[in-house]
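Working notes, structure below.
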Amino acid sequence: MKSLNLNPPGLAIFLVCLSCDSIPKEMTSQLSGPIDSTGRLVYIGPGETVRSRPFVVHEDGSDPQPLVEDGADYQDPTFSPDGRSVAIASNRSGQWNIHVLNVGTLGLGVVATSETIDFEPTFSPDGRKIAFQRQLTNDLDWEIFVMNIDGSGVRNLTESVGPDRRPAWSPDGSRIAYQAGERLDQEIWLMEPDGRNKLQLTPFRPGVSGAPSWSPDGSVIVFESSEHQGDVSPLAFVQYDMYLVNIDGSSLRRFSEFSNPTRSIRFPNWSPGGDKMAFELRDIGGAFGTRSTIWILDTLTGESTQIPTPGTAGSPAWSPLTSP
């Protein structure tokens with residue numbers, strides 16, 4: 001594994017930076033049977049064909065295991081609160097819908113079925129509901145929906161103009177964070193689980209802010225943002241970095257300085273213990289074109305370590321079950 005120790009002074013104020021090195025080999029392993037999610041992350045990696053599929057891996061990169069066979073594409077995995085299931089978007093039914101995978105049995109069933117496109121599922125803390133984003137008419141018309149775990153009771157929570165995307169339930173279940181705004185000017189918002197009392201959390205600034213993830217105690221949100229890049233054209237490469245904000249809107253600050261004209265940080269995800277963050281590091285150019293790898297940041301020391309996953313890897317999410 002590659003690591004970089006920057007010895008920062010603390011979570012609230014340090015900035016971190018890193019670089020990548022060698023490209024791991026592609027994976028060709030088969031399903032191994034029931035898997036214990038304790039101490040693991042789920043991520044999207046390459047299948048044996050051009051398809052993508054979910055894997056679980058220990059944070060040191062050991063024992064990467066595929067969760068499904070090839071034959072479809074997958075995106076946006078997230079664990080249930082008990083660590084026994086993974087909600088995920090897949091086009092295996094011919095349309096991008098929300099599925100739930102039982103990690104113990106590797107059984108996979110569709111939950112949300114519609115003629116529209118569904119992505120970014122997230123479980124409520126009690127495991128009874130799933131919030132997700134649905135495209136209604138075009139790529140600028142996304143809304144946040146919620147449904148019961150069996151797919152019933154589907155309801156639009158946002159019903160607004162413009163894209164509302166990437167919901168994330170607070171640890172106590174009282175609010176949902178999401179990103180909303182115009183195509184290239186989006187901010188972090190909060191709302192109650194029934195869609196009431198919407199509140200803009202981050203102020204209007206140039207750039208896109210999104211993909212919120214709550215700290216375990218529910219007091220801080222980490223998110224990706226291109227605020228530092230300012231206004232860009234729709235064709236420009238968006239240089240995301242990690243930002244932090246308290247849930248009352250105070251102490252908005254940039255948390256990392258990873259990005260550059262060919263590098264972007266995506267999908268930061270807080271660990272159950274709050275002492276680490278997993279994120280996707282996306283590089284463009286070079287012999288491999290666009291290349292994604294998963295890194296873990298120790299929020300106390302500032303050390304950033306690449307998980308040596310086989311092949312390209314992205315969209316990491318922690319299991320709630322921690323190792324003893």
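The values are calculated or read from the model by the stated rules, or taken from the named source; none is laboratory data. Since we're looking at a predicted model, the values are computed, not measured. Positions of Cβ are generated from backbone atoms using ideal geometry, with glycine treated the same way; all protein chains shown enter the neighbour counts.
Among the listed residues Gly289, Gly311, Gly285, identify the single one that is at pLDDT below 95 and touching a Ser or Thr at 6+ places or on another chain (Cβ under 6 Å). It would help to see each step written out before you state the result.
Values: Gly289 fails: touching a Ser or Thr at 6+ places or on another chain (Cβ under 6 Å); Gly311 fails: touching a Ser or Thr at 6+ places or on another chain (Cβ under 6 Å).
Step by step, each of Gly289, Gly311, Gly285 is checked, and only Gly285 is at pLDDT below 95 and touching a Ser or Thr at 6+ places or on another chain (Cβ under 6 Å).
Looking at Gly151 and the list (1) surrounded by 13 or more Cβ atoms within 10 Å (Cβ to Cβ); (2) free of Cβ contacts under 8 Å to residues at least 24 places away in the same chain, which single condition is not satisfied?
Here Gly151 clears every test but (2).
Just to verify a result, which residue in segment 253-270, among those that are without any contact (Cβ under 8 Å) to a residue 60 or more places away in the chain and over 17 Å from Ala313 (Cβ atoms), is surrounded by the fewest Cβ atoms within 10 Å (Cβ to Cβ)?
Across segment 253-270, the extreme among qualifying residues is Pro261.
Out of the residues in segment 93-116 that are touching a Leu at 6+ places or on another chain (Cβ under 9 Å) and part of a strand (DSSP E or B), state the one that is farthest from Gln179 (Cα to Cα).
Step one: of segment 93-116, the residues touching a Leu at 6+ places or on another chain (Cβ under 9 Å) are 99-103, 106-109, 116.
Among the residues that remain, those that are also part of a strand (DSSP E or B) are: 99-102, 107-109.
Working: His99: 22, Val100: 24, Leu101: 26, Asn102: 29, Gly107: 31, Leu108: 29, Gly109: 28 Å.
Taking the candidates together, the pick is Gly107.
For segment 279-297, which residues satisfy the criterion of being under 18 Å from the mean Cα position of the chain (by Cα) and more than 20 Å from Glu48 (Cα to Cα)?
Phe279, Glu280, Leu281, Arg282, Asp283, Trp295, Ile296, Leu297
Here are the criteria: (1) closer than 25 Å to Glu48 by Cα; (2) under 17 Å from the mean Cα position of the chain (by Cα). Tell me which single one Pro320 does not satisfy.
(1)
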